[in-house]
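To start, the structure itself, in structure tokens.
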Amino acid sequence: MKKVFIALLSFLTLSAWGQGGGSLLRFDDLVWDFGTIQEVRGKVSHTFTFTNTGSQPVVVESVEASCSCTVPFFSRAPVMPGKEGTIEVTYDPRDRPGVFIRDITVVSGGGKNVVVLKIKGLVTPRPRTVEDDYPFELQQGLRLTTGYLNFDRVGQGQAKSMVIGCVNTSRRDVELRVADPDAAAWFRIAAPAKICAGCRADITLTFDLTRTTAWGVLCAQPDIYINGVKNGHGIVATVLATDNFDGVGIDSAPKSKLDAQFFHFGDASAGKKLSHSFTLENVGASTLIVRAVKYGNGTTGSLREGTRIEPGRSVRFSITLPTEGTMGGRVIGSVTLIVNDPIRPMREIRLVANVN
């Protein structure tokens, strides 16, 4: 019976393919407007009805939506000539307030015939809760807007601040202390000593390069103490410390170019030092300066900070990936370069070897 059905399905598909022209599926509606719907009411559905206008059975082979929020339901059973079929489309408005337009692509006739349906509407957002605005939960009723901040870039001689919102959802006042255990000279944090019950406050984080010099990715991880007890999760803030590129024109700036950013040594014996050479070229209009070179995972190399490369010139340097002390398997090393290229101030090279 199964073989008969497969044979029939193949015949019907080939028949539909041979009909040529436009789609034989005539839909009552190609566009459905849900109008205004409420997010709190959840999913909405509409059923598109079509008629097979041809003289042969037609199989709907696939129905694909342009977004995972839209799910179609359909049958692959052959639709006889003159008969109707349906495609039900369900839209989930959760966390999608505002206007929406989604496409649903219907394929039949061996992939030759395509019809695009559309649904649209306007989603009225649900009322926001404290949990929506402050999703990062701490202890004793304290919540934050986030536990992680990415400051993007900060240049030498500059300072950049960002704010994390805090709310006390408990019925008691809470003593708060936020401290950076590493006490880095380029980072500071300001937070209220107490947050009253039901009150909101701001925690201000600042990366400050006005009095100190630092290069590359800087990461601060302040601890949070609530009523004297250290919270299980602190705050993480990162920034890329670069040159101050204010007023620097791209056309007159240096531009770095690496001949490769990845090298695989293949199979290697344990205890052997593996080295490979790379070329760093300045294809810009002014002197390229290597501000910092950071070798990771035991990797070493010949390139040093302070290296200057004039326009049109290049330097050749080697990087060594150690395999001593490894138990075998995949060994990975990395080197990060910080340069005064305003377009790409950070470049990373990765090396890999399979150690026997």
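The values are calculated or read from the model by the stated rules, or taken from the named source; none is laboratory data. From a predicted model like this one, the values you see are computed outputs, not experimental measurements. Note: ideal-geometry Cβ built from the backbone for every residue, glycine included; neighbour counts use all protein chains shown.
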For this session: Looking only at region 106-122, decide whether some residue is of a type outside the set (Phe, Trp, Tyr) and without any contact (Cβ under 8 Å) to a residue 12 or more places away in the chain.
Result: no
Exercise. In region 180-203, which residues are in contact (Cβ under 8 Å) with a residue 24 or more places away in the chain, part of a strand (DSSP E or B) and surrounded by 14 or more Cβ atoms within 10 Å (Cβ to Cβ)?
Worked result: Phe187, Ile189, Ile195, Arg200, Ala201, Ile203
Exercise. Take the residues of region 43-56 that are modelled with pLDDT under 95 and surrounded by fewer than 20 Cβ atoms within 10 Å (Cβ to Cβ): which is nearest to Leu117 (Cα to Cα)?
Worked result: Thr53
Seminar exercise, completed: Note on region 207-237: residues touching a Phe, Trp or Tyr at 6+ places or on another chain (Cβ under 7 Å) and not in a loop (DSSP other than H, G, I, E, B) are Phe207, Asp208, Leu218, Ala220, Val236, Ala237
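Could you say which residue among Pro135, Pro97 is of a type outside the set (Gly, Ala, Ser) and outside the structural domain of Arg200 (by TED's automatic domain parsing)?
On the way: Pro135 fails: outside the structural domain of Arg200 (by TED's automatic domain parsing).
After applying the criteria, what remains is Pro97.
Answer yes if at least one residue in region 154-166 is within 22 Å of Gly232 (Cβ to Cβ), surrounded by 13 or more Cβ atoms within 10 Å (Cβ to Cβ), within 29 Å of the chain's Cα centre (by Cα) and without any contact (Cβ under 8 Å) to a residue 60 or more places away in the chain, and no otherwise. Walk me through how you get there before you give the answer.
Here is the first cut: in region 154-166, the residues within 22 Å of Gly232 (Cβ to Cβ) are 164-166.
With the extra rule that they be surrounded by 13 or more Cβ atoms within 10 Å (Cβ to Cβ), the set shrinks to 164-166.
Adding the requirement that they be within 29 Å of the chain's Cα centre (by Cα) leaves 164-166.
Next, only the ones that are without any contact (Cβ under 8 Å) to a residue 60 or more places away in the chain stay: 165-166.
Checked against the condition, which is being within 22 Å of Gly232 (Cβ to Cβ), surrounded by 13 or more Cβ atoms within 10 Å (Cβ to Cβ), within 29 Å of the chain's Cα centre (by Cα) and without any contact (Cβ under 8 Å) to a residue 60 or more places away in the chain, region 154-166 yields at least one hit.
Okay, residues lined up against (1) of a type in the set (S, T, N, Q); (2) surrounded by fewer than 17 Cβ atoms within 10 Å (Cβ to Cβ); (3) closer than 30 Å to Arg188 by Cα:
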| residue | (1), (2), (3) |
| --- | --- |
| Asp223 | no, yes, yes |
| Gly228 | no, yes, yes |
| Ser277 | yes, yes, no |
| Asn282 | yes, no, no |
For this session: Please work out if Leu280 is touching a Phe, Trp or Tyr at 6+ places or on another chain (Cβ under 9 Å), in the same structural domain as Thr323 (by TED's automatic domain parsing) and at pLDDT below 95.
Result: no
Problem set entry | Among residues of region 205-220, those that are exposed (fewer than 14 other Cβ atoms within 10 Å of the Cβ) and not charged (D, E, K, R), counted | 5
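Taking region 167-179 on its own, how many of its residues are part of a loop (DSSP other than H, G, I, E, B) and either within 15 Å of Ala237 (Cβ to Cβ) or in contact with a strand residue (DSSP E or B) (Cβ under 9 Å, 6 or more places away or on another chain) (or both)?
Here the count works out to 3.
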Problem set entry | Residue selected from region 18-42 under the condition hydrophobic (A, V, I, L, M, F, W, C) and under 13 Å from Val115 (Cβ atoms), by the criterion modelled with the lowest pLDDT | Leu24
Problem set entry | Odd one out for Ile343 among (1) outside the structural domain of Asp180 (by TED's automatic domain parsing); (2) surrounded by 14 or more Cβ atoms within 10 Å (Cβ to Cβ) | (2)
